[in-house]
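Could you have a look at this structure, given as C-alpha cells, before my questions?
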Amino acid sequence: MSDAVPGPDGLLRCPWAAGPEDYTAYHDTEWGREVHGEAALFERLSLEGFQAGLSWLTILRKRGAFRAAFAGFDPAAVAAFTAADVERLMNDPGIVRNRAKIEAVIGNARALLALPAGETLAGLLQAHRPPARAAAPALAEIPASTPESTALARDLRRRGFRFVGPTTAYAMMQATGYVNDHVAGCWVRDAG
C-alpha cells in the first residue's frame with residue numbers, strides 16, 4: 001500500500017503534492033531532481049534555512065522576491081552585502097524578514113566563498129550522500145534527518161555556515177536530488 005495519491009491528471013504523486021498547484025508544479029519539476037551549480041545549490045540551502053518554522057508554500061510563493069532581493073543567489077554578490085543591505089532586506093515585504101536568517105544567508109555566502117580551493121557545496125553534499133534505499137510506501141516513513149544529514153550539518157557549521165541543522169541539511173538533500181524521497185508509486189520517483 002502506498003501513500004501516493006492521484007492528481008487531476010491521473011498521475012500518482014507524493015501526498016504533499018496534492019495540495020495547491022504551486023506544490024504540484026514544484027514536486028513534478030524540481031523536488032528530488034538533481035541541481036547543479038553552486039549558485040543553484042546556495043539558493044536551495046538559503047531557502048531551506050528561511051523555511052525553518054514556516055510553511056514551504058510560503059517560501060515557494062516568495063521565491064521570485066527572494067531571488068531579486070538576494071541578487072539571484074550569486075554567492076559573490078551576496079557575500080558583499082553590507083549592514084545597509086541587511087536593513088534593505090528587513091524592509092522588503094516580499095521576503096521573510098527575519099534578521100537572523102538574512103544574516104545567515106550573507107554569512108553562508110561568505111563561508112561558501114571561503115571554502116578551500118577545490119571544495120564546493122556540491123562536493124560536500126556528495127561526500128555526505130546517503131546510500132540509495134527503497135522507496136518508502138508512506139510519507140510518515142521518510143525521516144526528517146539522517147546520520148548523513150547530521151554529518152553534513154556538522155561539516156557545514158565547522159566551515160562557518162549557519163542555519164544548517166540536520167533537518168535543514170536533509171531537506172536540502174531531498175530538494176536537490178541527493179536523496180530520492182518520493183514515495184513508492186510516485187510517478188516522479190519512477191521517472192528516475
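Hey, among the residues in the stretch 130-166 that are of a type in the set (Lys, Arg) and exposed (fewer than 14 other Cβ atoms within 10 Å of the Cβ), which one's farthest from residue 45 (Cα to Cα)?
Among them, the one singled out is 133.
Can you pull out every residue in the stretch 96-116 that is more than 17 Å from residue 50 (Cα to Cα) and either in contact with an Asp or Glu (Cβ under 8 Å, 6 or more places away or on another chain) or at pLDDT below 95 (or both)?
Hit for the stretch 96-116 is 112, nothing else.
Does any residue in the stretch 131-146 that is more than 18 Å from residue 167 (Cα to Cα) and of a type in the set (A, V, I, L, M) come within less than 8 Å, Cβ to Cβ, of a residue that is in a helix (DSSP H, G or I) and modelled with pLDDT under 95 six or more places away or on a different chain, and which pairs are these?
The qualifying pairs are 135/189.
Right, next: Out of the residues in the stretch 9-32 meeting the condition of being in a loop (DSSP other than H, G, I, E, B) and among the acidic types (Asp, Glu), tell me which one is nearest to residue 190 (Cα to Cα).
Checked the stretch 9-32; the qualifying residue nearest to residue 190 (Cα to Cα) is 30.
What pairs can you find where one residue is in the stretch 76-100 and within 20 Å of residue 113 (Cα to Cα), the other is among the aromatic types (Phe, Trp, Tyr), and their Cβ atoms are less than 7 Å apart, with a gap of 6+ or different chains?
These pairs meet every condition: 78/70.
What about residue 160, is it on the phi > 0 side of the Ramachandran plot, at pLDDT 95 or above, over 14 Å from the mean Cα position of the chain (by Cα) and not aliphatic (A, V, I, L, M)?
Answer is yes for this residue.
The values are calculated or read from the model by the stated rules, or taken from the named source; none is laboratory data. Since the structure is predicted, the reported quantities are computational estimates derived from the model, not experimental observations. Note that each Cβ is placed from the backbone with ideal geometry, even for glycine, and that neighbours are counted across all protein chains shown.
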